[in-house]
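Asks: This is the structure, below, for whatever I ask next.
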Amino acid sequence: MPSIQEELRRRTRRTRPQVRVRLAHVVRITEPAPRLRRITLGGEDLDGIEGGLPADAWKLMLPPPGRSRPDLPTVGPDGVPAYAEGAVPPTLRAYTVRRFDPAACEMDVDVLMHGAGPGPVWAAGVGLGDEVGLAGPRHEFYASPEAAWHLLAGDDSALPAIATILESLPEGSRVTAFIEVQDDRDVLDIAASADAEIVWLTRDGAAPGGSGLLEKAVRGLDRPFEGAQAWVAAEAEVVRTLRRHLLDDRGLARPALKAAAYWKAGRTSDERDQEVMAAFQAAVAAGADPDDPAITLEADLA
């Protein structure tokens with residue numbers, strides 16, 4: 001079975017020369033769930049985006065509070081962004097592309113409305129016509145056609161990615177998805193064509209990242225993992241535990257697993273970004289391939 005990591009690395013190298021900073025504006029705002037705000041971005045700068053995969057993530061460059069347009073950098077041949085004198089660098093946040101329509105040049109991103117971080121604050125106050133910068137994509141998932149079945153496991157933060165993956169899998173694909181959410185109000189209708197078993201796990205008052213629901217659900221699976229493919233995204237310690245279980249206890253092949261820490265308990269988004277960047281830079285300085293998804297994984301789980 002083709003390696004998830006090798007396929008993501010190949011696609012990253014292929015698309016890297018095309019990466020540029022783009023400017024988009026808000027064309028629609030909807031709420032598919034009480035704690036989920038969908039921001040539809042559009043504009044001619046989205047023309048020509050290709051090679052997308054389910055669960056692709058883009059960096060949104062958010063303007064500071066009180067402004068409707070960010071100061072965007074220019075990117076040199078070395079890939080390093082540079083800002084004009086006096087510019088206010090935007091806040092960077094990665095979001096999954098929930099839907100991309102190349103004909104209409106529109107991109108949907110779903111923002112989980114929790115806490116007082118830059119993302120939810122921006123999404124709560126954004127208006128039609130407001131502008132954001134975009135840079136990407138970062139590939140997060142590749143479905144091998146040879147996989148016997150797929151396992152998806154994640155919490156609220158991974159809901160847009162899991163929904164996108166489920167909707168992308170072709171008819172006949174076997175997939176089990178465990179999705180941890182706060183309560184029944186967060187349950188969505190997902191139009192999956194695959195032979196999908198979708199299990200919603202509600203915390204009902206338990207703290208995010210500490211419910212144990214995802215680990216219990218995955219450990220309770222009574223089926224062989226030979227030939228399976230798994231994608232896991234949630235709080236860092238939860239992901240670390242599930243990764244260890246899948247590799248060591250279930251014998252899942254390492255190339256068939258993609259795991260990502262979308263957040264870390266006790267850390268703000270800015271603190272987490274700094275930790276991940278420091279771990280990534282240290283790995284690259286030690287000779288690691290910056291295009292290797294495994295390096296990003298280790299940084300995520302630092």
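Asks: Go through segment 227-281 and give me each residue that's assigned to a helix (DSSP H, G or I), charged (D, E, K, R) and modelled with pLDDT under 90.
Replies: ASP270, GLU271, ARG272, ASP273, GLU275
Asks: Of everything in segment 78-93, what is surrounded by fewer than 18 Cβ atoms within 10 Å (Cβ to Cβ) and outside any loop (DSSP other than H, G, I, E, B)? Give them in sequence order.
Replies: Across segment 78-93, the qualifying residues are PRO81, ALA82, LEU92.
Asks: Look through segment 102-119, keep the residues that are closer than 20 Å to LYS264 by Cα and touching a residue at least 24 places away in the same chain (Cβ under 8 Å), and return whichever of them is surrounded by the fewest Cβ atoms within 10 Å (Cβ to Cβ).
Replies: HIS114
Asks: Tell me the residue from THR30, THR96 that is β-branched (Val, Ile, Thr), outside any loop (DSSP other than H, G, I, E, B) and exposed (fewer than 12 other Cβ atoms within 10 Å of the Cβ), please.
Replies: THR30
Asks: Is it the case that some residue within segment 216-225 is touching an Asp or Glu at 6+ places or on another chain (Cβ under 9 Å) and either assigned to a strand (DSSP E or B) or on the phi > 0 side of the Ramachandran plot (or both)?
Replies: no
Asks: A follow-up question, please. Cβ-Cβ below 8 Å, separation at least six or inter-chain, first residue in segment 59-80 and closer than 25 Å to LEU128 by Cα, second small (Gly, Ala, Ser) and surrounded by fewer than 14 Cβ atoms within 10 Å (Cβ to Cβ): which pairs?
Replies: So the pair list comes out as PRO65/GLY125; SER68/GLY127; SER68/GLY129; ASP71/ALA84; ASP71/ALA87; PRO73/ALA82; PRO73/ALA87.
Asks: Give the residues of segment 126-141 that are at pLDDT 95 or above and small (Gly, Ala, Ser), sorted by residue number.
Replies: Matches in segment 126-141: GLY127, GLY129, GLY133.
Asks: Which residues, counting only those in segment 40-67, are out of contact with any Pro (no Cβ under 6 Å at 6 or more places or on another chain), modelled with pLDDT of 95 or more and over 18 Å from ALA104 (Cβ atoms)?
Replies: Within segment 40-67, LEU60 is the sole residue that qualifies.
Asks: Any idea how many residues of segment 51-73 are under 18 Å from the mean Cα position of the chain (by Cα) and part of a loop (DSSP other than H, G, I, E, B)?
Replies: 6
Asks: Out of ALA230, ALA192, ALA196, I need the residue that is surrounded by 24 or more Cβ atoms within 10 Å (Cβ to Cβ), more than 26 Å from GLY115 (Cβ to Cβ) and not polar (S, T, N, Q). Which one?
Replies: Among ALA230, ALA192, ALA196, only ALA230 is surrounded by 24 or more Cβ atoms within 10 Å (Cβ to Cβ), more than 26 Å from GLY115 (Cβ to Cβ) and not polar (S, T, N, Q).
Asks: Let me ask another. Yes or no: ASP183 under 30 Å from PRO118 (Cα atoms) and surrounded by fewer than 17 Cβ atoms within 10 Å (Cβ to Cβ)?
Replies: yes
The values are calculated or read from the model by the stated rules, or taken from the named source; none is laboratory data. Since this is a predicted model, take the numbers as computed values, not measurements. Here Cβ is always computed from backbone atoms with ideal geometry, including for glycine, and neighbour counts include all displayed protein chains.
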